[in-house]
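A.B. asks: Here's a structure for you.
Quick note: the coordinates plus some simple rules give every number you see, no bench work behind them. Quick caveat: nothing in here was measured; it's all calculated off a predicted structure. As a convention, Cβ positions derive from the backbone with ideal geometry for all residues, glycine included, and neighbour counts pool all protein chains shown.
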Amino acid sequence: MPDMADTTITIPVRFDSTGRARNLKVVLRFLLTHLRFPILLGEEGPRPLAPEFLPEFLGRVGYLFTQTHAPYFHKTRCLNRLARAAKTPYLLSHDTDVLAPPQQYARAHGVLAQGADMAFPYDGQCLEVDDVGITRIWTQASLGHLSADTCAVRSARVFGGCVLMRRQAFFEAGMENEHFRAWGLEDDERVARFANLGLRVERVSGPLYHLEHPRPPDQIGQDNPHYQANDQEYRKVAGMAADELKAYIATWPWRNEPQP
């Protein structure tokens, strides 16, 4: 089991379906079984639901709740609050519905230790896991039954799901861009921003597994009412040279918020 106490896993969540709660349980059990990482769970919503949905895990992970009545999940803001609360030199930003084999997390951690600023514990391929496969992960705490032969290809080139970063580089690069609302392109923007700033971004070989779940409207591509604004923000950042981007980042107010 990789021992990486220098890395905090930050998991943002808004419970929008029972499938979300189920998948988060599967993810937490898997990560706690295979990785010696401290885990920090951040929930946004009208009232805290993690104590109801995840009572068996809250004694083993850190938990932050932020009350909001916004109709959308402000994932980037939630991740920034978690990053401020984390004290380790490395962060592993992790969604509620993805997993990679333990050795891939370990290899990505090694890439950071060798000087990278961002490292993905997968090569870009994302495979979809159905309900039967998810049940087997829960009962066996293993991904050994999964492969490209047993899972549909969800995407051949993604930047979302989970990523390791040097915490200092993350803060210097502006943290998460809170101009992004709900879901869509925030992961691509982060990679483009790191690259445009001259930071080192790496991947390791192997797939990422996505656990299927129902999707509310703010998560479905261009049906997300914030999609156009998110797309404009992504294109704006991706097209900036380093000096221009640094000046833009300096205007982001959330960078000056105090740590908890």
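A.B. asks: If you build a Gaussian network model of the chain, linking Cα atoms that sit under 10 Å apart, which residue out of 130, 149, 117 swings the most?
C.D. replies: Evaluated over the chain, the most mobile residue of the options is 149.
A.B. asks: On to the next question. What aspartates and glutamates does residue 236 reach when the alpha-carbon gap must be under 13 Å and sequence neighbours fewer than 8 apart in one chain are set aside?
C.D. replies: Within the straight-line cut-off, residue 236 pairs with 186, 188, 189, 244.
A.B. asks: For Cα Rg over 2.2 N^0.38 Å, several values are listed as (1) 1.29; (2) 1.20; (3) 0.95; flag the one computed from this structure.
C.D. replies: Label (3) holds the value from this structure.
A.B. asks: Can you give me the long-range amide H partners of residue 154? Hydrogens built in the peptide plane at 1.01 Å from N, cutoff under 5 Å, separation of 5 or more residues or another chain.
C.D. replies: 126, 127, 128
A.B. asks: Most exposed first by the Cβ proxy, i.e. fewest other Cβ within 10 Å, how do 75, 236, 25 rank? The partial results should precede the final answer.
C.D. replies: On the way: 75 24, 236 13, 25 16.
Taking fewest neighbouring Cβ atoms as first place, the list is 236, 25, 75.
A.B. asks: Please label the shape of the range 147-247 as rounded, prolate or oblate, based on the square roots a ≥ b ≥ c of the eigenvalues of the alpha-carbon gyration tensor (a/c under 1.5 means rounded; beyond that, a/b larger than b/c means prolate, else oblate).
C.D. replies: Values: a/c = 2.30, a/b = 1.31, b/c = 1.76.
Here the range 147-247 falls in the oblate category.
A.B. asks: In the range 7-254, what % of DSSP beta bridges are antiparallel (nearest 5)?
C.D. replies: Working: 12 of 34 bridges.
Bridges in the range 7-254 that DSSP calls antiparallel: roughly 35 percent.
A.B. asks: Still on this structure, please answer the following. Taking neighbour Cβ counts within 10 Å as the exposure measure, how do 39, 9 sort from fewest upward?
C.D. replies: Ascending number of Cβ neighbours within 10 Å: 39, 9.
A.B. asks: Treating the beta-carbon of each Lys and Arg as +1 and of each Asp and Glu as -1, no other charges, what is the dipole magnitude of the range 7-254 about its Cα centre, to the nearest 20 debye? Numbers along the way, then the final one.
C.D. replies: Numbers: 28 positive and 28 negative charges, 149 e Å.
That gives the range 7-254 a dipole magnitude of about 720 debye.
A.B. asks: If the cut-off is a Cα-Cα distance under 22 Å, which lysines reach residue 87, setting aside same-chain residues fewer than 8 apart in sequence?
C.D. replies: Of all the lysines, those that pass the test against residue 87 - Cα under 22 Å, at least 8 places apart if same chain - are 75.
A.B. asks: Let me ask another. When the chain is treated as a GNM, springs tying every alpha-carbon pair under 10 Å, which of 242, 173, 108 comes out with the largest mean-square fluctuation?
C.D. replies: Answer for the Gaussian network model of the chain: 242.
A.B. asks: Moving to a separate point now. Could you grab the Rg to Rh ratio for the range 8-140? Cα atoms only, Kirkwood for Rh. Intermediate results must be reported in sequence, preceding the final value.
C.D. replies: Working: Rg = 14.9 Å, Rh = 15.6 Å.
On the Cα set of the range 8-140, Rg over Rh gives 0.95.
A.B. asks: On to the next question. Which of the GluC sites (Glu not before Pro) across the range 47-133 are loop residues per DSSP, with 15 or fewer other Cβ within 10 Å? Show your work: numbers first, answer last.
C.D. replies: Working: sites: 52, 56, 128; in loops: 56.
Answer in residue order: 56.
A.B. asks: Sorted from fewest to most neighbouring beta carbons within 10 Å, what does the list 145, 69 look like? Numbers along the way, then the final one.
C.D. replies: Details: 145 13, 69 7.
Least to most surrounded, the residues fall as 69, 145.
A.B. asks: Identify, among 168, 139, 26, the residue whose Cα sits farthest towards the positive end of the charge dipole of the chain, taking +1 on the Cβ of Lys and Arg and -1 on the Cβ of Asp and Glu, with the dipole about the Cα centre.
C.D. replies: 168
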